[in-house]
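The values are calculated or read from the model by the stated rules, or taken from the named source; none is laboratory data. Please read all numbers here as calculations on a predicted model, not as lab measurements. When the accessible area is computed, the model is the full protein with side chains, heavy atoms only, and any ligands, DNA or RNA have been set aside. Shrake-Rupley method; radii C 1.70, N 1.55, O 1.52, S 1.80 Å.
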Amino acid sequence: MGNKKSGMLSKEILEDLKLNTKYSEDELCKWYESFQKQCPDGRISRSDFEKIYANFFPNSDPKIYARHVFRSFDTNDDGTLDFREYIIALHLTSTGKTNLKLEWAFSLFDVDRNGEISKNEVLEIIAAIFKMIPPEEQKILPEDENTPQKRADKLWAYFNKGDADKIAEKEFIDGVMKNEAIMNLIQYNPREK
């Protein structure tokens, strides 16, 4: 396939992505070509990622949420996403298996990366999600979910936790898998017009 110096996608990364995503070799090569045009140095910065994310939510403010999403995928903590991290992010957030999506969701909520989620971390992410919900949609949310605090309280209640308690990854994934209402609390799906 070529090597990084020639601007081609390395055979090792291509094989890894084919194995760990649903994307074909042809799709990956086309996306790599596009990625290289947008990011000639082979990396996307947090601010560029935030700009791209903003295009998907033109009527709201996704910047804080995008920052958390970026953090969750910047697996080597270098402040950029390389092509592999970018494709894994795309795969997990759009078409990945539910269990993998929930592992990612846990890493999103685990802001301090200590392997547990606190109620404050839940509130921080839910507040960021709320900034993506247009005001007209916020007005029609159920009474017990119409503010970030109420939504965080409701989520925490599903897990039967006290304010100082923590949720481990397995408990989080199992809880969400058993209760679709929790899934609805941890994400935002724009309404169809």
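Nonpolar atom fraction for the chain, defined as the carbon and sulfur part of the 1.4 Å probe accessible area, stands at 51 percent.
Checked against a 32 Å cut-off, the cross-linked pairs 30/97; 18/119; 11/51; 37/119; 30/63 give Cα-Cα distances beyond that limit for 18/119; 37/119. Against the chain, whose longest principal axis is taken from its Cα atoms, helix 25-38 shows a tilt of about 90°.
Indicate the gyration tensor shape class of segment 81-193 (rounded, prolate or oblate), computed on the Cα atoms with a ≥ b ≥ c the square roots of the eigenvalues: a/c under 1.5 is rounded; otherwise a/b larger than b/c is prolate and the rest oblate.
oblate
Largest GNM mean-square fluctuation among 170, 131, 119, using the chain with Cα springs under 10 Å: 170.
Distance from the alpha carbon centroid of segment 127-193 to that of segment 31-106 works out to 22 angstrom.
Classified by the C-alpha gyration tensor, segment 28-121 has a prolate form. Its axis ratio a/c, with a ≥ b ≥ c, is 1.5 or above, and a/b is larger than b/c.
Between 105, 54, 157, the Gaussian network model of the chain with springs among Cα atoms under 10 angstrom shows the greatest mean-square fluctuation at 157. Computed over the chain with a Gaussian network model linking Cα atoms closer than 10 Å, the most mobile of 12, 103, 169 is 12.
Only helical runs count toward this figure. For the chain, summing -39,500 (n - 2.57) over DSSP H runs of n ≥ 4 and dividing by all residues gives -17500 deg cm²/dmol at 222 nm.
Surface exposure of segment 29-179, expressed per residue as accessible area with a 1.4 Å probe, stands at 53 Å².
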